[in-house]
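What follows is a short report on a single structure.
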């Protein structure tokens, strides 16, 4: 009887040790529903990173912030101040154009543009134009038109119509940058890829 009890005790001990060494059963992972998926880019639920629209929304927001702002315009009104002027035509109408690197955009006097031909109208940008003195300029229209500088260089560019501009046409920094222009007060000309356009006089840059 004692031997039977000893063997039974050994059997129970072995079964207990085997049970403690056995790894716990793995829990089965059920596939996550679409609403439980989390994006590591934005932290939102319901989509994964490659489907995330946050970056595109940020890009659209930056575009809006770029247009909805105030841009500077340096308008020279005093006739005694020397200014860089180039002659040419806008929309087939002869005119003198002020080269104004202090203006962010290219402007045209609304009254002058009534007699000028345009290639096509474009939407008015959502910007405010403000002079150095704080005066706001009202944009009434915008178009793409043909601009001839001197007698040899012809380009197309977007101009904004404003009321009561002191000059018929004001060539702004956007025109300089887009068409590769560099005002050169020493040489008295506007340097362009297509050639140099002489100022009416050897004026200093505004």
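What is the spin-label model distance, in nm, from residue 200 to residue 144 if the labels are put 7 Å beyond Cα along the C-beta direction?
Here the modelled spin labels are 3.0 nm apart.
Points 7 angstrom from Cα along the Cβ direction at residue 10 and residue 130: gap in nanometres?
It is 9.7 nm.
Which of rounded, prolate, oblate describes the stretch 71-198, given a ≥ b ≥ c as roots of the alpha-carbon gyration tensor eigenvalues and a/c under 1.5 marking rounded, otherwise prolate only if a/b is larger than b/c?
Oblate, since a/c reaches 1.5 and b/c is not below a/b.
What is the order of 198, 170, fewest Cβ neighbours within 10 Å to most? Walk me through the intermediate numbers first.
Working: 198 14, 170 27.
Neighbour counts put them in this order, fewest first: 198, 170.
All of the numbers you see were taken from the coordinates with simple rules; none came from a lab. Model, not experiment: these values are computed from the prediction. With ideal geometry, Cβ positions are generated from the backbone for all residues, glycine too; neighbour counts draw on all protein chains shown.
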